[in-house]
1. Which trypsin sites (Lys or Arg not before Pro) does the stretch 27-116 hold that lie in a coil by DSSP with at most 15 other beta carbons within 10 Å?
2. Tell me, what % of the accessible area of the stretch 1-104 is carbon and sulfur with a 1.4 angstrom probe?
3. Can you check what the net charge comes to around Pro31, using other residues whose Cβ is under 13 Å from the Cβ of Pro31 (Lys, Arg +1; Asp, Glu -1)?
4. For the stretch 99-135 and the stretch 18-94, what is the separation of their C-alpha centers, rounded to whole Å?
5. Chymotrypsin sites (Phe, Trp or Tyr not before Pro) within the stretch 101-135: which are DSSP loop residues with at most 16 other Cβ atoms inside 10 Å?
6. For a paramagnetic label modelled at 7 Å from the Cα of Arg134 toward its Cβ, which residues of the stretch 53-82 fall within the zone defined by backbone nitrogen distances under 20 Å?
7. Using just the alpha carbons, could you tell me how many Å³ per residue the convex hull of the stretch 42-135 encloses?
8. Subtract the Cα-Cα distance of Tyr126 and Ser65 from 0.36 nm times their separation in residues, and report this length gain in nm to one decimal.
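The values are calculated or read from the model by the stated rules, or taken from the named source; none is laboratory data. Because the structure is predicted, anything quoted here is derived from the model rather than measured. Virtual Cβ from ideal backbone geometry, glycine too; neighbours counted across all protein chains shown. Please note that ligands, DNA and RNA were not included when accessible areas were found on the heavy atoms of the full protein model with its side chains. Shrake-Rupley method; radii C 1.70, N 1.55, O 1.52, S 1.80 Å.
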Amino acid sequence: MPLRDCSIIPLETRSDDRGLLTVVEGGMHIPFDIKRIYYLHGVSTRTERGAHAHKALRQLMIAISGSFTVTLDDGTDRVTFTLDDPRRGLLICPMIWRTLNDFSPGAVCTVLASEHFDEGDYYRRYDDFMKALRP
């Protein structure tokens, strides 16, 4: 899938004198049902995470707290997003290599996934990912 299918999605946020409430509903606010949720936290500012692609999995990545950068690569083009607002999520499509960097102290990255964990869905080596794009 090309990078143009990956995008920042504004999330439904309500506000009143008590604060903000942000809602994400699978199949409504994002184009898939949510089957798995996980989060990265306690990540050193110099640590790189991700460095893989998925064959079929779709994800919505949200900076719940702090900030970090996400570089997406479709084998031809690369684009980098800074996630720093819990009212926005980055939709990541299948067959996109992703790398996360530049975590701020206390950053929390939450990921909503379209499928349960399956090691067979991963490309963990960039060379294997590139070969799959050009059979």
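1. Counting only loop positions with at most 15 other Cβ atoms within 10 Å, the trypsin sites (Lys or Arg not before Pro) in the stretch 27-116 are Lys35, Arg46, Lys55, Arg87.
2. On the stretch 1-104, the fraction of accessible area on carbon and sulfur atoms equals 47 percent.
3. Working: positive: Arg58; negative: Asp5, Glu25, Asp33.
Spelling it out: positives minus negatives among the neighbours equals -2.
4. Each part reduced to its Cα centre gives a spacing of 10 Å.
5. Phe117
6. Counting backbone N atoms under 20 Å from the label point, the list is 53-55, 72-79.
7. 94 Å³
8. Contour length minus Cα-Cα distance gives 19.0 nm.
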